[in-house]
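Structure, as structure tokens:
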Ligand SMILES: Cc1cc2nc3c(=O)[nH]c(=O)nc-3n(C[C@H](O)[C@H](O)[C@H](O)COP(=O)(O)O)c2cc1C
């Protein structure tokens, strides 16, 4: 039987497995990462940080990079378009103890692309090469890059960027099979990932886009021959998703937690958030996190409304302490 989940080597780093959790701006914060770490994805990421802000030693940016000693291996992701800043940023991240550094070439947001950063870099592949080269020169840890298929359907250049990244010494390239113009609409085109894998000689190819369960994970491995997979939205409110995927790939069965462990997981996520955030930020975070976890419930409208109206820690805690009320609609 084909072995899908296996160790993956990126330069000097050997990861236990090849199923990764994605960087998610505004979502993969420290409590989220602590939850992720329990389920041991091969690698998981902090939210992207801006190069300029890192160099300015902006405290809010450094906070995005919080992690504990027992959370290795953990990756940081840089967002920026200036090769001149890249080496210093790489050194800062290596000194902070990160296990790998990724360059974001996928963020579709106008605010980010307008200075050529994020998916704006897809329009200047040679700058991607320069930035990777600069980081690589400055650090020992593996340097990786995350791209989209291309800017739009007329300019699919992921294969070209794969070769550039490989020449610049990147250990891996993650390809999200959507274009920048697609943003998150439509489907990810995995055939682009297959093309990148065919073109890659040494660089590892990580497939991304629309992987939600064991079946889709198997399909992307089979269709693209990729070396690993990266899961993004399906990790929200489901930190155990890697277990679901690996159980399916190894034993043919998707894991799904029962109500009690579901509730315990949600409460643990709430506790980590409470310990990390001030009261105001806790309430805002729990509105977001609570809604993710409630996706699993058929009649969660009332609970969702209650979370969104709540203004204090006590109100939020009460809702989740009385969560048993939702048991009937758990699917
Ligand atoms: C809310 C949100 C935030 C994201 N933040 C980042 C980010 O900081 N860096 C990055 O490379 N990709 C980011 N992405 C893109 C995802 O990592 C991933 O490439 C994309 O969602 C496709 O994968 P999926 O279908 O598994 O969700 C973000 C996506 C979403 C929905």
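Worth a mention:
- Cα centroid separation, segment 10-50 to segment 180-225: 18 Å.
- Value of Rg to Rh for segment 186-318 (Rh from inverse mean 1/r over Cα pairs, i.e. Kirkwood): 1.08
- The listed peptides 154-166, 263-275, ordered by packing as a protection proxy, come out as 154-166, 263-275 (highest mean of other Cβ atoms within 10 Å first).
- Extension gain, residue 212 to residue 58: 0.36 nm times the residue separation minus the Cα-Cα distance gives 52.0 nm.
- Relative contact order of the chain, defined on C-alpha pairs under 8 angstrom at six or more residues apart (%): 13 percent
- Put a dot 7 Å past the Cα of residue 9, heading toward its Cβ, do the same for residue 202, and the two dots end up 1.2 nm apart.
- Each 10 Å bin from zero up to the one holding the largest Cα-Cα distance in segment 35-177 carries the following percent of pairs: 13, 45, 34, 9, 0.
- Per residue, the chain reaches -13000 deg cm²/dmol at 222 nm when only DSSP H runs of four or more residues are counted, each adding -39500 (n - 2.57).
- Helix axis angle, 125-138 relative to the chain longest principal axis, alpha carbon, degrees: 80 degrees
- Across q = 0.08, 0.12, 0.13 Å⁻¹, the chain modelled as identical point scatterers on its alpha-carbon atoms has Debye log10 I(q)/I(0) values of -0.37, -0.83, -0.97, in the order of the q list.
- For segment 259-329, the Kirkwood estimate of the hydrodynamic radius, built from every pair of different alpha carbons, is 12.0 Å.
- Between helix 214-224 and the chain there is an angle of about 10 degrees, using the helix long axis and the longest principal axis of the Cα atoms.
- Residue 1 paired with residue 268, simple spin-label distance in nm, labels 7 Å along Cα-to-beta-carbon: 2.6 nm
- Folded to 0 to 90 degrees: helix 259-276 orientation relative to the chain principal axis, Cα: 70 degrees
Quick note: the coordinates plus some simple rules give every number you see, no bench work behind them. Owing to the predicted nature of the structure, the values given are computational and were not obtained by experimental measurement. All Cβ positions, glycine included, derive from the backbone under ideal geometry; neighbour counts span all protein chains shown.
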